[in-house]
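Inspection log for the structure reproduced underneath, given as structure tokens.
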Protein chains: 2
Amino acid sequence: MGANHRMLHLNLFINGMGHHEAAWRHPSARPERLTDIRYYQHLAQVAEEAKMDAVFLADRVSTSPRAVQSGTVSGFEPLTLLSALAVSTSRIGLIGTVSTSFNDPFNLARRLASLDHISRGRAGWNIVTSGTDQEAQNFGFEKISSHAERYERAREFVEVALKLWGSWDRDALVLDKERGVFADPEKVHELNHHGRYYRVRGPLNVPPLPQGHPVLVQAGSSEDGKAFAAAFAEAVFTAQQTVEEARAFYADFKTRAERLGRNPDHVLILPGICPIIGRTEEEAKEKEAQLHGLSDPRHSLLLLSNRIGVDLTDYPLDAPLPPLPPAEQIEGHRSRTQLIVDLAQREQLTVRQLLLRLAGGRGHLTFAGTAKQVADFMEEWFVTGAADGFNVMPQLMEEGLNDFVNLVIPELQRRGLFRTEYTGVTLRDHYGVPATR
Amino acid sequence: MGANHRMLHLNLFINGMGHHEAAWRHPSARPERLTDIRYYQHLAQVAEEAKMDAVFLADRVSTSPRAVQSGTVSGFEPLTLLSALAVSTSRIGLIGTVSTSFNDPFNLARRLASLDHISRGRAGWNIVTSGTDQEAQNFGFEKISSHAERYERAREFVEVALKLWGSWDRDALVLDKERGVFADPEKVHELNHHGRYYRVRGPLNVPPLPQGHPVLVQAGSSEDGKAFAAAFAEAVFTAQQTVEEARAFYADFKTRAERLGRNPDHVLILPGICPIIGRTEEEAKEKEAQLHGLSDPRHSLLLLSNRIGVDLTDYPLDAPLPPLPPAEQIEGHRSRTQLIVDLAQREQLTVRQLLLRLAGGRGHLTFAGTAKQVADFMEEWFVTGAADGFNVMPQLMEEGLNDFVNLVIPELQRRGLFRTEYTGVTLRDHYGVPATR
């Protein structure tokens with residue numbers, strides 16, 4: 001194997017006390033640390049020690065009294081948190097989720113430019129459009145705008161952001177004290193962008209970014225989401241339940257990117273995986289059962305309702321999932337809703353059973369097994385064209401992360417599937433994805 | 001003197017390579033460090049070592065090819081930068097400027113809440129309304145809205161932010177694993193704010209802040225600005241040219257706050273001062289002359305034009321300042337413009353002379369002298385009711401800061417005017433200003 005043979009890419013997706021919705025109730029969890037920066041510094045440092053590609057933060061711009069009752073608080077704003085983590089680490093990438101629906105391109109492009117400088121080239125932006133009325137109601141709207149309109153707006157938003165990041169030529173900064181020329185004004189450009197949603201004069205008020213622009217990440221798997229991601233995304237975070245579905249998604253996605261003139265190797269497909277690792281498979285299943293036993297199905301139903309934007313809270317728990325509106329009528333998180341409906345139908349699940357299937361990772365694939373089984377699983381997906389790597393979502397953040405880095409990563413390294421040292425310094429270096437704009 | 005005797009409050013206002021507009025051209029300046037986070041970490045650590053109350057960051061949300069030519073780039077977004085500084089320091093306060101005209105209350109309240117948690121209670125928000133068309137043009141507008149309307153909007157913005165920070169009762173977080181109660185839903189409140197400018201549902205998705213809410217700082221000295229600050233500000237950053245003017249401002253301001261039912265001791269008045277320190281007065285004046293010699297008057301005129309929102313770039317340099325529009329017609333930075341006009345008239349300055357007077361601190365008081373003279377000056381202002389402390393603005397950031405902390409602060413400490421150790425951990429502790437909302 002040469003130095004450039006294909007390697008797995010592994011992000012640590014940090015989420016509260018863990019991705020299992022009841023993680024904070026686990027005996028080992030210390031939920032008082034959720035507002036303690038040292039908790040996040042520790043997780044990022046553990047992931048960096050393990051040579052993972054990046055930490056990843058999701059986001060949601062609302063909560064409710066009922067949701068916080070059972071532990072659903074989105075918490076710190078991702079880019080604010082990542083900036084603190086940037087100076088607490090030196091190599092690991094820093095990917096934050098920020099919505100295009102409730103931000104201005106100038107401010108967000110600038111904040112990401114700042115993070116890219118502060119981290120010396122490790123910033124990534126997970127682009128979301130937000131999908132719930134509850135979020136829209138924190139920003140002056142009654143209802144979230146339509147799925148199609150959100151993606152149209154997102155497209156223009158990203159185009160403007162790319163123009164802002166490109167508004168200084170790479171060699172614009174001169175710093176000539178003698179002549180008093182700080183930057184060459186011929187190499188710093190106004191945008192004068194006048195689009196459908198945005199009017200932005202520019203230029204950006206931050207010098208050129210170490211990475212050119214932050215790594216662009218996208219997670220939507222709806223038709224609109226895939227078209228958007230094929231055009232812009234450099235890493236795609238996706239929820240896939242079976243290797244067959246994942247392969248089909250992977251092949252389709254790489255083809256779409258290629259058709260748009262892009263190098264398909266420069267778009268990484270990273271499904272989520274929520275592992276629970278035991279010394280034996282039995283121990284892993286016991287750990288999973290323990291977490292499931294801490295779930296409250298009425299709260300799970302509220303979470304699911306909030307997530308897909310359809311109120312399910314009065315549904316009976318021990319009956320099959322009643323029909324939901326067809327996907328094209330769902331203006332919220334369309335692809336996730338479709339995945340959930342398919343899962344319930346394929347496996348003939350009652351609502352209660354479905355909720356437990358979702359408890360560990362909200363629709364991402366959950367996997368309870370030994371380190372070897374997790375490594376086998378990842379290897380199969382990796383070598384058969386289902387994934388370029390994974391967004392790793394430990395169901396119990398500290399204990400599960402420790403199991404993953406102490407048991408699974410060494411196994412992947414033994415198999416030559418994962419780096420043993422960082423070979424570069426930026427997130428683009430880790431991902432092998434050059435800035436092309 | 002008792003433990004609670006009145007002490008000076010000193011912020012370090014960090015600005016590029018220094019507050020003098022030509023600071024980056026000085027032989028000791030290393031402008032390539034402007035994008036290096038270690039530069040800012042170093043400055044904050046020096047200020048913390050000297051027991052200063054806070055670092056302070058200004059902001060402007062635009063630049064232009066002509067402005068960057070001579071070194072005017074606002075640079076990193078303040079809160080992103082402060083979050084990195086929060087984990088690089090442990091005691092010093094962190095005050096960032098953010099505009100109410102180009103942000104959403106929900107996002108900004110959340111980012112400040114995040115910073116307050118990450119810093120364990122050291123966040124401050126300098127509230128500005130932005131004053132130029134150039135900035136407005138980065139956010140979809142042709143022109144900046146009127147002075148009065150910006151302040152009306154700012155008032156509602158701050159009211160919403162305070163409601164969001166207050167949307168969790170202090171004891172709302174329960175973390176009862178046994179019963180599965182993360183937070184008490186009776187103690188987490190929706191706002192359902194429906195105002196003239198904003199509709200925000202709430203609650204905030206971040207648990208209660210260490211400080212209750214960030215320290216609110218305001219810098220406007222116009223009539224609108226003073227009315228706003230008297231209602232909300234806990235520290236007022238102001239530009240005053242003479243001790244008489246400063247005393248009048250101070251007395252007027254404390255009276256305004258008292259009339260609104262506030263404790264006047266809980267509103268600190270902190271004028272800006274731009275010191276240049278020499279071993280002798282002569283040496284200090286030489287240092288000042290050296291910096292002035294690096295200024296380019298044509299660039300200074302552009303800066304001034306951008307600052308006050310009136311195009312002066314074709315004015316002859318060696319004639320008196322021509323009349324400007326009356327203050328009430330200026331929709332930009334009204335009080336700063338008035339200060340500049342008054343200064344030019346009082347001292348009968350030509351445009352060129354005025355520009356040099358502004359070069360060191362953009363209208364803030366500049367002072368070239370010995371450490372003893374600076375300390376005398378500060379003491380006089382402090383004991384005669386002109387100031388509760390100062391926003392210290394070194395004209396040359398590194399060298400001038402070193403002079404200030406090595407020479408002036410020990411002199412102030414010898415006089416019992418400045419702390420020798422931090423006595424608390426939050427910015428509110430340092431300022432002696434409790435959260436009242």
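Each reported figure results from applying straightforward, stated rules to the coordinates on display, with no laboratory input. Since this is a predicted model, take the numbers as computed values, not measurements. Glycine also receives a Cβ, built like all others from the backbone with ideal geometry; neighbour counts cover every protein chain displayed.
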In the protein assembly as shown, what % of DSSP beta bridges are antiparallel (nearest 5)?
-> 15
When the label point is put 7 Å from the Cα of B:GLU245 along its Cα-to-beta-carbon vector, which residues of segment B:215-233 have a backbone N closer than 13 Å?
-> B:221-222
Residues whose built amide H sits under 5 Å from the amide H of B:ARG199, excluding neighbours closer than 5 in sequence, are A:GLY140
Karplus (6.51, -1.76, 1.60) ³J(HN,Hα), θ = phi - 60°, over segment B:246-254, in Hz, Gly and Pro reported as x = 5, 5, 5, 4, 4, 5, 4, 5, 5
For segment A:219-310: rounded, prolate or oblate by the Cα gyration tensor [a/c cutoff 1.5] | oblate
Average other protein chain Cβ within 10 Å of Cβ, residues B:104-117 | 6
What is the dipole size for chain B, taken about its Cα centre, with +1 at each Lys and Arg Cβ and -1 at each Asp and Glu Cβ, in debye to the nearest 20?
-> 600
Tilt, helix A:297-308 to longest principal axis of chain A (alpha-carbon atoms), in degrees rounded to tens, equals 30
About the Cα centre of segment A:183-235, how large is the charge dipole given +1 on each Lys and Arg Cβ and -1 on each Asp and Glu Cβ? Please answer in debye to the nearest 20.
-> 180
Summing -39500 (n - 2.57) over every DSSP H run of at least 4 in the protein assembly as shown, dividing by its residue total and rounding to the nearest 500, the 222 nm mean residue ellipticity is -11500 deg cm²/dmol
Axis-proximal residue, chain B, for the rotation superposing B on A (Cβ, Å) = B:SER83, 2
B:ASN406-A:GLU186 pseudo-label distance in nm [points 7 Å out on the Cα-to-Cβ vector] = 4.3
Overall form of segment A:9-431 per C-alpha gyration tensor (a/c, 1.5; a/b vs b/c) | prolate
When you look at the Cβ of every residue in B:126-139, what mean number of other chain Cβ atoms sits within 10 Å?
-> 3
Please tell me which of these pairs span more than 26 angstrom C-alpha to C-alpha: B:LYS226/B:LYS285; B:LYS285/B:LYS372; A:LYS143/B:LYS143; A:LYS51/A:LYS226; B:LYS143/B:LYS226; A:LYS177/B:LYS287?
-> B:LYS226/B:LYS285; A:LYS143/B:LYS143; A:LYS51/A:LYS226
Tilt of helix B:223-232 relative to the longest C-alpha principal axis of chain B, in degrees (0 to 90, nearest 10)?
-> 40
Find, among the trypsin sites (Lys or Arg not before Pro) in segment B:199-235, those assigned to loop by DSSP (not H, G, I, E, B) with at most 15 other beta-carbon atoms within 10 angstrom.
-> none
Note, ³J(HN,Hα) from phi for segment A:5-19, Karplus 6.51, -1.76, 1.60, rounded to Hz, x at Gly and Pro | 5, 5, 10, 5, 10, 10, 9, 9, 8, 7, 8, x, 8, x, 7
Using the 7 Å Cα-to-Cβ label point, sort the distances from B:THR384 to its equivalents in the other copies shortest first and give them in nm to one decimal.
-> 8.5
Using θ = phi - 60° and the Karplus relation 6.51 cos²θ - 1.76 cosθ + 1.60, list the HN-Hα couplings for segment B:393-399 in order, rounded to whole Hz, with x at every Gly or Pro.
-> 10, x, 5, 10, 4, 6, 4
Please name whichever of A:ALA136, A:ALA161, A:GLY360 sits farthest to the positive end of the charge dipole of segment A:9-431, dipole taken about the Cα centre and charges placed at Cβ: Lys and Arg +1, Asp and Glu -1.
-> A:ALA161
Tell me the GluC sites (Glu not before Pro) within segment B:164-248 that lie in a loop according to DSSP and have at most 15 other beta-carbon atoms within 10 Å.
-> B:GLU178, B:GLU190
